[in-house]
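To start, the structure under review is shown below, and the notes come after it.
The values are calculated or read from the model by the stated rules, or taken from the named source; none is laboratory data. Please read these numbers as outputs of a predicted model, since none were measured by experiment. Cβ placement follows ideal geometry from the backbone for every residue including glycine, while neighbour counts extend to all protein chains displayed. Accessible surface is based on the protein model in full, side chains and every heavy atom, while ligands, DNA and RNA are left aside. Shrake-Rupley method; radii C 1.70, N 1.55, O 1.52, S 1.80 Å.
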Amino acid sequence: MEVRARARGLGGWWLVVLVLVLSACSGDGGGERSTPTLAPGPVSDEGTPRAGGRLIVGIDAESNGWDPARSNFALAGSMVASSIYDTLLAFDENRQLVPNLAESVTPNEDGTVWTIRIRDGVVFHDGTPFDAAAVKQNIDARLASPIASQSLQPIREVVVIDDHTAEVRMRTPWFGYDYTLAAQGGFMAAPSTLTGQDGPSKPVGTGPFRFVSWEPGSAITVERNGDYWKRDADGVQLPYLDGITFRVLTDPTARAAALRAGDVQMIQTSDIETIRDFQRRSEYDTAIDLANFEAIVMLNQGRPPFDNEAARRAVVLATDRDAVVETIGAGVLRPAVGPFSDVEEWYVEDTGYPDHDPEAARRELERYKAETGASELAFTLRATAGDEVERVATILQAQWAQVGIRATVVPVEQASYINEVVVGNYEAAMFRQFSYVFPDSNYIFWHSSTAKGPGQVSINFTQTRSSALDAALDAARATNDPAELRRLYETAQRELNAQLPYVWLYHQAWALIAQARVNGLDIPASGGFARTDGKPWWSQVWLAEG
């Protein structure tokens with residue numbers, strides 16, 4: 001069934017995951033494994049999916065809770081949430097929107113009314129029916145959230161038409177709303193999660209696994225949902241696994257060691273040395289996603305020193321992103337000058353972003369001093385503790401020092417990091433962002449309406465305000481013409497860089513690395529796994545005997 005009444009081609013999105021199958025050693029007696037991998041050596045065929053077994057997955061962080069309306073999901077949080085919740089829509093292997101909990105999601109002619117038709121017979125883990133009233137309650141809960149509501153400002157109301165139909169009515173046109181329903185905005189939680197005081201710590205969804213327990217900072221465990229509504233192509237009820245335990249291992253070295261020791265069977269990682277190490281190990285499969293987040297430094301324009309344009313420009317010009325890539329990820333990472341890589345449909349080759357120029361940086365530094373009366377440009381740079389981000393922060397610190405800029409690196413645990421960012425409690429901050437297929441999903445980070453000012457909850461983390469950028473973003477929401485969308489989003493990217501809210505560094509590489517007995521990685525490898533949208537493939541992961 002059509003998901004929507006229009007279609008946007010996603011061009012090169014089949015390249016979303018760039019993986020190589022190294023089969024030079026495949027003649028050693030084992031069959032060639034179908035999972036895309038960077039690991040050389042023979043691996044066995046996946047064969048017929050086998051039910052049973054429990055998987056332990058090492059993740060880099062956890063969420064501050066598991067209520068999709070009230071909690072903040074980074075990549076690890078989205079990985080966990082996707083085992084418990086289903087989204088209304090999902091992305092297929094070509095990054096096209098397809099039905100999931102919703103049978104269809106369609107706009108009217110001007111994008112001011114979206115009709116959501118949900119499938120029949122689905123229930124939450126606690127037995128509560130999943131119906132149109134539940135859809136309304138989920139969207140209303142987001143509208144009541146200080147953070148989530150900022151991403152849903154066009155919504156005027158949600159109306160239940162009948163048990164299986166809800167209408168989302170907008171104040172202004174919003175073509176692109178459907179993309180939110182394949183990400184955190186589309187995770188459907190039971191009323192007990194949305195209204196209960198302990199909802200964030202005891203999540204209830206419709207997903208392939210039921211919540212069992214959560215030890216904050218340690219692990220969250222889920223078990224098979226025996227009433228799950230999905231079946232595989234052969235009619236076998238999903239999921240295959242009996243359960244999953246997600247272990248929080250913030251140190252990438254410890255995460256890799258746990259996999260080698262057999263304490264976990266799968267890890268997610270962005271650590272380049274870990275990826276390279278496991279490429280050489282034939283007993284593991286490694287799937288790489290090279291089109292997901294961008295690594296950036298956010299410059300907070302809501303407080304000194306980066307409320308001054310010369311200060312921002314000085315830092316940008318003093319940054320040698322090519323040297324950063326060469327130091328930490330040569331041969332794997334690629335420098336970035338905008339929010340999309342060159343394998344994505346919305347990539348713009350010339351975004352107007354300045355090249356590295358130390359002499360120009362020194363001139364801007366002197367301009368900053370003259371305009372502010374400051375004796376130096378000094379600031380704190382926040383970075384998540386214990387991963388390559390902290391290492392990159394020290395490299396940047398040294399680069400900036402070469403032109404006379406003084407940065408103090410402040411490591412912060414990821415669990416509290418997002419909370420500090422949303423209230424603007426930083427001057428400069430390392431961040432990974434822009435993990436979305438469609439540019440409109442970045443509206444909330446770039447539009448002036450979501451810049452609430454110092455100390456206020458703002459999803460426009462950098463407090464960027466630009467009338468030209470606003471105009472491009474607003475016009476894009478109101479059109480369904482592909483050529484006009486292309487023009488407007490090219491304009492938006494250039495206007496964004498004119499404000500210099502970010503120091504662009506590189507396009508992040510993420511890997512799923514697993515023991516060879518873990519099967520089903522071909523599914524996330526083909527469609528991507530490192531963006532913050534839903535991950536409906538957990539139900540199809542299975543363990544071979546061994």
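Descriptive notes on the structure:
- Modelled FRET efficiency - R0 41 Å, residue 234 with residue 161, Cβ distances, 0.05 increments: 0.70
- Under 5 Å between amide hydrogens, built in the peptide plane, is the criterion, and for residue 56 it picks out 245, 265, 266 among residues at least 5 positions away or on other chains.
- Spin-label model, residue 198 to residue 133: label points 7 Å out along the Cα-to-beta-carbon direction sit 2.5 nm apart.
- Under DSSP loop assignment and at most 14 Cβ neighbours within 10 Å, longest GluC sites (Glu not before Pro)-free interval of the chain: 110-282
- Gain upon complete extension [residue 51, residue 397; 0.36 nm per residue less C-alpha separation]: 119.5 nm
- Taking all protein chains together, 450, 128 sort by accessible area into 128, 450, largest first [probe 1.4 Å].
- Cα-centre dipole for the chain with unit charges at Cβ (Lys and Arg positive, Asp and Glu negative), debye to 20: 740
- Positive-end extreme of charge dipole, the chain - chosen from 151, 97, 368 (charges on Cβ): 368
- Residue 486-residue 449 FRET efficiency (beta carbon distance; Förster radius 22 Å; 0.05 resolution): 0.40
- Structure-based [θ]222 nm, the chain - -39500 (n - 2.57) summed over DSSP H runs of at least 4, per residue, nearest 500: -7500 deg cm²/dmol
- Classification of region 43-106 by its C-alpha gyration tensor yields an oblate form. The axis ratio a/c (a ≥ b ≥ c) is 1.5 or more, and b/c is at least a/b.
- DSSP-assigned coil residues among trypsin sites (Lys or Arg not before Pro) in region 166-228, each with at most 14 further Cβ atoms within 10 Å: 171
- Selection from 181, 61, 200 lying farthest towards where the dipole of the chain points positive, charges on Cβ: 200
- In sequence order, region 327-332 has phi-based couplings of 6, 9, x, 4, x, 10 Hz under the Karplus curve 6.51 cos²θ - 1.76 cosθ + 1.60, θ = phi - 60°, and Gly or Pro positions carry x.
- Debye-sum result for the chain in log10 I(q)/I(0), which assumes one identical scatterer on each alpha carbon, at q = 0.07, 0.12 Å⁻¹: -0.39, -1.19
- Euclidean distance of C-alpha centroids, region 443-472 and region 66-121, integer Å: 25
- With all protein chains modelled, accessible area of residue 447 [1.4 Å, Å²]: 20
- Options 407, 482, 267, ranked by Cα towards positive dipole end of the chain, top entry (Cβ charges): 407
- Hz values of 3J(HN,Hα) by residue in region 56-62 - Karplus curve (6.51, -1.76, 1.60), Gly and Pro given as x: 10, 10, x, 10, 8, 6, 9
- Neighbour-limited loop hits for trypsin sites (Lys or Arg not before Pro), region 229-297 (at most 15 other Cβ within 10 Å; DSSP other than H, G, I, E, B): 280
- Charge dipole magnitude, Cβ of K and R +1, D and E -1 - region 402-546, Cα centre, debye nearest 20: 180
- Sparse-neighbour loop sites [chymotrypsin sites (Phe, Trp or Tyr not before Pro); region 98-196; at most 12 other C-beta within 10 Å; DSSP]: none
- The phi-based Karplus calculation (6.51 cos²θ - 1.76 cosθ + 1.60; θ = phi - 60°) puts the 3J(HN,Hα) values of region 519-532 at 10, x, 6, 5, 6, x, 5, 6, x, x, 9, 9, 8, 8 Hz, whole numbers, x for Gly and Pro.
- Straight-line reach from residue 230: taking Cα to Cα under 17 Å and skipping same-chain neighbours fewer than 8 places apart, the lysines in range are 535.
- Residues with amide H under 5 Å from that of residue 90, placed H, sequence gap 5 or more: 98, 100
- Taking all protein chains as shown and a probe of 1.4 angstrom, residue 202 keeps an accessible surface of around 110 Å².
- When +1 charges are put on Lys and Arg Cβ atoms and -1 charges on Asp and Glu Cβ atoms, the dipole computed for region 55-198 relative to its Cα centre reaches about 360 debye.
- Under 18 Å of direct C-alpha separation, and excluding same-chain neighbours fewer than eight residues apart, residue 136 reaches these aspartates and glutamates: 67, 86, 103, 120, 157, 162, 163, 167, 178.
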